[in-house]
Structure formats: C-alpha cells, structure tokens
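Chemist: My questions all concern the structure below.
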Amino acid sequence: MRNLFFLFFALFLQGCAKQQSLSSVPEDKIDFDQLERIPLNEISDSLLGGKKYILLDMHDEELLFGAIHKVLCKNNRIYILDRKFNKLVVFDMKGQGIGKVGTFGQGPGEYLDIADFDVAEDGKIYCIDGQLDKLFSYSPDLIFLSATSLPFDADILQTLETGFLFGLSSWNHKKGKGSKVVLVDEEINILKEYLQYDDFFDPNYWLSFYQFVKTESHIVYNQPIDNHVYLFNHSGELEKSINIDFGDKNVLDEDKKDIERNIEKFDNYCLLRDFVVVTDRMIGGALWDGRQHKVFLHDMENMKCYNSEVVLDSDMSWGTGYSNGNWITYIDPDSDLSKYKSLPDSVRHHLGKEGFVLCLQILH
C-alpha cells in the first residue's frame, strides 16, 4: 500500500511539472496609450535598416501565389506560404524559383491544408495539415519524407534542436486539452504544457492567422485575442511575458466569447493580430485598432511607436513578417507606387511586368 501511495504521488508530481505556472514567469508591461505616435514611414535607419529588394521570378506557374501569409528566409532560401492557394513555394535569395513543397490531394503523402510550416536548421521542412491533423516532413530538396499523425489539433509549429513547439487549437480535445502551447520531443510526445485556455474565447471566429516568430534570443508567441506576448527560449522553455496594455481599448472578457454577435463593440477595441516580434530594442507586429488593420514598431528605448496608415485586412505589405533578423514587407504589381519613395528602376520595371518584390530590412 505504501509503495502504491508513492507511485500515485510521483505521477501527481510529474503531471504538475508538465504545466508551468505563469506566476513563476517574469512579466513586463507596456502602456501603449502613453507612447508617442509617429508615422511608420518616418522611422530612422538606425531602427530599421535600408531596404534590400528581392525580385521574385514567377514565370513558373507552379510558383505562382496569390497572397503571403507567412515568409521565412533561411539557409539562403525564401519560403512563402500562401493559404489562399494552399501552397508553400521556395525561392533562392536572388529570387529564382526552386520549387513547390508537397502535393495537394488525398493520395499517399499528399496534403489537404497547410496550416503552418517551419524549416529546421538541417534544412528539413515541416508542415501541419490542419484537416488531416498530420505533420508532414520534406527533405531540403523538397522530397516527401513522412506524414506523422498528431495526437492533438494544432494551428502552428516551431522546430527546435530536439523537438517542436506546437500552438494548439482552442477546439483541441485530444492530448494537451486546454493548453495553448506544448513542448514535444522528436516523437511528438508531450514534455511540457503552457498557457491554459480560459472561458473567454470563441472557437467559431478566426480573427487572424498567427505564428511563432524566432529571433536571435527567443521564440515569440501571441494568439489573438491576448494582450500578452510570451517569450520562449530556443529550447522551448517559457521565460518571460510582456503585457501590452491598450488601456480603455482592451477587449472585455465577455466580448471575446461571441465575437460575431459583439463585432460592433470592436470599433472601440485594440488588439494584437497576425504576428508579433520582440528584439532587444523593438516590439513590432500588426494591430486591429477599431477593426482597422495597422502595423506598428515600438522603440522601447525611446518610448516611441511608429504606426502605418490603415490598410485592408488582407494587406500584409507593410508588415509581412520577421525572419533571420529582417523585417519583411512586399510590393505587388497592384500596389500604389506613389507611396514608395526612390524605388530603383529595376524594381519598377519588375513590377511593371507583373512581378512580385520582397523587401528586407534589418530590425535593430
């Protein structure tokens, strides 16, 4: 009987160890309303470096995409996920096409829905199939390797040196139920669970896509609607939280539960959306402010916040993402070129031929 007691006690402790308490995580707070506001196009080169333009060669029909939902620059390649056309395409850093990852369909090794992807240090590509609940892997040469069933419903992933972080869906009722993030090993066994869902969320309304963002020192996580930005280390351990407080514009808990019914109330709310990046000096990302899409970059050292003009919800050109130290934007052939100053002739010529241009700037 005594041995049985110790067995149950050990299992209890093991279960507690899997879920990290937020009370043990340091938290910083930013009073967003108190920041000095400056137009984004006035940002200093000391904060956001000069632009490097990459002219994407899209003559190959297989590489055509309609919209960018996520972009990574890694291993001298550019990976672009287009959820509209449900494809992941790859270019080199000169803009030359390399190929498309995977095949859409219902046959062996084929995917139905790429919800998210990441690229490991060894060049392997991993994709979540949101319909099949599988993790697909491909070689650096874009060759299909495996499809592994996931023991949970997941929205996003981040590769680690020995495993993965997964952002779990709010409707997940499998392993990790109730948790927002899980740390798993290479066999997808859950090692730790982080950040519990509360009662104030709406699984039937998708405000925006979201993603893990890897910086030099952290992996950044934010899932709308949450004012908190969470920083994990590169081993997948939660280290810090940043509360971005919008004051009177914070979304009330009760209005998060049925967003469609309460949508008009969001005219008075501000929230984070799409992605958030945190460096030693800057915090940047996208906002839904009064149901209007904007991009911001906050200089924490000087308490200044640079804001874009209002853009369409589907327009991520002002802030497409962050990868390998670069703030990434884009210019498409339909862009109003009058808002772009001093574009090189080669860029204008490429756009005139229905080309697509990525812009990379070092974010300090």
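None of the figures in this text is laboratory data; all of them are computed from the coordinates on show. Remember, it's a predicted structure, so these values are computed and weren't measured experimentally. Here the Cβ is made from the backbone with ideal geometry for all residues, glycine too, and neighbour counts use every protein chain on show.
Chemist: What net charge is computed for the residues neighbouring Ile244, neighbours being all others with C-beta under 10 Å from the C-beta of Ile244, Lys and Arg scored +1, Asp and Glu -1?
Modeler: -3
Chemist: Going by a ≥ b ≥ c, the root eigenvalues of the Cα gyration tensor, does region 159-252 fall in the rounded group (a/c under 1.5), the prolate group (a/b larger than b/c) or the oblate group?
Modeler: oblate
Chemist: Set the Förster radius R0 to 56 Å, insert the Cβ-Cβ distance between His173 and Asp345 as r into 1/(1 + (r/R0)^6), and round the FRET efficiency to 0.05.
Modeler: 0.50
Chemist: Right, something else. Looking only at trypsin sites (Lys or Arg not before Pro) in DSSP loops with at most 16 other Cβ atoms within 10 Å, what is the longest site-free stretch of the chain? Show your work: numbers first, answer last.
Modeler: Numbers: sites that count: Lys84, Lys94, Lys124, Lys174, Lys177, Lys257, Arg261, Arg281, Arg291, Lys341, Lys353.
Here the longest segment lacking exposed loop sites spans 1-83.
Chemist: How many percent of DSSP beta bridges within the chain run antiparallel, rounded to 5? It would help to have the intermediate numbers written out before the result.
Modeler: Working: 90 of 101 bridges.
Of those bridges, close to 90 percent are antiparallel.
Chemist: Per residue of the chain, what 222 nm ellipticity follows from adding -39500 (n - 2.57) for every DSSP H run with n ≥ 4, rounded to the nearest 500?
Modeler: The helix contribution divided over the chain gives -2000 deg cm²/dmol.
Chemist: Cross-link list Lys70/Lys294; Lys74/Lys175; Lys177/Lys214; Lys74/Lys180: which exceed 29 angstrom alpha carbon to alpha carbon?
Modeler: From the list (Lys70/Lys294; Lys74/Lys175; Lys177/Lys214; Lys74/Lys180), the Cα-Cα distance tops 29 Å for Lys74/Lys175.
Chemist: For a quick check of your reading of the filter: which GluC sites (Glu not before Pro) in region 143-228 sit in a DSSP loop and have no more than 12 other Cβ atoms within 10 Å?
Modeler: Glu161, Glu186, Glu187, Glu216
Chemist: Only Cα pairs within less than 10 Å get springs; with that Gaussian network setup on the chain, which residue of Gly352, Gly284, Gly97 has the largest fluctuation?
Modeler: Looking only at Gly352, Gly284, Gly97, the largest GNM fluctuation is found for Gly352.
Chemist: Another question about this same structure. Considering all alpha-carbon pairs of region 104-177, what whole percent are spaced by more than 18 angstrom?
Modeler: Pairs farther apart than 18 Å: 35 percent.
Chemist: Still on this model: Can you compute the modelled spin-label distance between Glu187 and Phe104, with each label point 7 Å from Cα toward Cβ, in nm?
Modeler: 3.6
Chemist: Let me ask something additional. Which distance in nm do the two modelled labels at Asn41 and Asn75 give, with both placed 7 Å along the Cα-to-Cβ direction?
Modeler: Output for this residue pair reads 3.9 nm.
Chemist: May I pose another question? What does the C-alpha gyration tensor say about the overall shape of region 208-364? Classify as rounded when a/c is under 1.5, otherwise prolate if a/b is larger than b/c, or oblate.
Modeler: oblate
Chemist: Now, a different point. At 7 Å along the Cα-to-beta-carbon direction for both Asp122 and Val310, put a label point, then send me their distance in nm to one decimal.
Modeler: 5.0
Chemist: Please compute the length gained on full extension between Arg261 and Glu237, using 0.36 nm multiplied by the number of residues separating them and subtracting their Cα-Cα distance.
Modeler: Values: separation 24, 0.36 × 24 = 8.64 nm, distance 3.71 nm.
Gain on extension, Arg261 to Glu237, equals 4.9 nm.
Chemist: What's the whole-number percent of alpha carbon pairs in the chain lying beyond 29 angstrom? Let's see the in-between values first.
Modeler: Values: 28254 of 66066 pairs.
Tail of P(r) above 29 Å: 43 percent of Cα pairs.
Chemist: Quote the charge dipole size of the chain about the Cα centre in Debye, to the nearest 20; the model charges only the Cβ of Lys and Arg (+1) and of Asp and Glu (-1).
Modeler: 440
Chemist: Give, as a single signed number, the net charge of other residues whose beta carbon lies under 11 Å from the beta carbon of Asn324, with Lys and Arg counted +1 and Asp and Glu -1. All intermediate terms of the calculation are to be shown ahead of the outcome.
Modeler: Details: positive: Lys74, Arg77, Lys214; negative: Glu216.
Here the charged neighbours net out to +2.
Chemist: I've got another one for you. For region 68-114, take the convex hull of the Cα atoms, compute a quarter of its surface area, and give me that in nm², please.
Modeler: Taking a quarter of the hull surface, the average projection is 3.4 nm².
Chemist: Excluding Lys180 itself, what net charge comes from residues whose Cβ is under 13 Å from its Cβ, given Lys and Arg +1 and Asp and Glu -1?
Modeler: My count for the surroundings of Lys180 gives -3.
Chemist: OK, next. Among Ile283, His350, Gly130, which residue has its Cα positioned farthest towards the positive end of the charge dipole of the chain, with +1 placed on the Cβ of Lys and Arg, -1 on the Cβ of Asp and Glu, and the dipole taken about the Cα centre?
Modeler: Comparing the listed Cα positions along the dipole, Gly130 ranks first.
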